[in-house]
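**Student:** Right, I'll just put the structure down here and ask away after.
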Amino acid sequence: MASLKPFKCPVCGAPLTPSQGQKFVKCDYCGSVIDVSTEKKREISWYYQPLGFENVLDKGIITLQEALTLLENLKISPQNPPDGIPEIIGFRDQAGTFIEFTRYSQFLYDIRYENVKNNEFLMGYDIPLYKAQQMLIDFFEGRELRWKNLLKSE
C-alpha cells in the first residue's frame with residue numbers, strides 16, 4: 001500500500017507515515033492514535049481565563065499542535081487561587097461543546113467537559129498529562145474521549 005507524506009505526531013513529535021486510505025495511525029513512540037484522514041477537520045476556538053479573573057478571554061481559532069503546546073505550558077495554579085478562580089484554558093467547537101483544563105501540579109490536570117447536545121457535564125481530577133493530551137486530540141478530531149471514564153458527572 002502506498003504511503004502518504006510523513007509528518008510528526010502532534011503529541012510527542014515522532015515521525016508518522018500513514019498508508020494511503022488509512023484513517024487513523026498509532027504513534028509507535030507514545031501510542032497516541034491520530035486521525036490522518038483527509039476529511040475536513042473541525043474548527044476549534046480557544047479561550048483563556050487568567051488566574052483570579054472572572055472574565056474569559058476569547059482567543060480565536062487554534063490548531064491541534066498549538067493547543068497541545070498551550071496545555072503543556074499551562075501554569076500551575078495555587079490550591080487556593082485568588083477569588084477562587086484558577087488559571088484555565090478551554091477549547092470549544094462550533095456546536096458549543098467544550099473541554100477545559102486547569103493545572104494544580106507539575107504533571108496533573110483537572111478537566112471539565114461539557115456536551116449540551118448529549119447532556120454531558122463531566123469533571124475529572126488529577127488526570128496525568130498524557131491522558132489530558134489524548135483527550136484533547138480526541139476532542140479536536142470529534143471522537144469519543146478515550147479516557148472519558150476518568151470524568152464523572154458534575
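Derivation of every value follows stated rules applied to the coordinates shown; laboratory data play no part. Note that this is a predicted model, so its numbers are computed, not measured. A quick note on method: Cβ atoms are made from the backbone with ideal geometry, for glycine too, and the neighbour counts reach across all protein chains shown.
**Student:** Rounded to the nearest 500, what is the chain's calculated 222 nm mean residue ellipticity when only DSSP H runs of at least 4 contribute -39500 (n - 2.57) each, over all residues?
**Tutor:** -4500 deg cm²/dmol
**Student:** If we count every other residue with Cβ under 13 angstrom of Ser32's Cβ, Lys/Arg +1 and Asp/Glu -1, where does the sum land?
**Tutor:** +1
**Student:** Which entry is the computed mean projected area of the Cα convex hull in nm² for this structure: (1) 8.9; (2) 9.5; (3) 8.4?
**Tutor:** Entry (2).
**Student:** Please give me, ordered by residue number, the trypsin sites (Lys or Arg not before Pro) of segment 93-154 that lie in loop per DSSP and have at most 14 other Cβ atoms within 10 Å.
**Tutor:** Arg143, Arg146
**Student:** If the reach is capped at under 15 angstrom between alpha carbons, list the aspartates and glutamates near Lys148, excluding any in the same chain fewer than eight residues apart.
**Tutor:** Qualifying aspartates and glutamates at Cα under 15 Å: Glu100, Asp110, Glu114, Glu120, Asp126, Asp138.
**Student:** Moving on. Over the residues of segment 73-119, compute the C-alpha Rg and express it relative to 2.2 N^0.38 Å.
**Tutor:** Normalised Cα radius of gyration, segment 73-119: 1.30.
**Student:** Let me ask something additional. DSSP loop GluC sites (Glu not before Pro) in segment 83-133 with at most 16 other Cβ atoms within 10 Å of their Cβ, which ones?
**Tutor:** Qualifying residues, ordered by number: none.
**Student:** For a quick check of your reading of the filter: which GluC sites (Glu not before Pro) in segment 10-74 sit in a DSSP loop and have no more than 15 other Cβ atoms within 10 Å?
**Tutor:** The qualifying sites are Glu39, Glu43, Glu54.
**Student:** Below 14 angstrom from the Cβ of Leu151, what's the summed charge of the other residues (Lys, Arg +1; Asp, Glu -1)?
**Tutor:** -3
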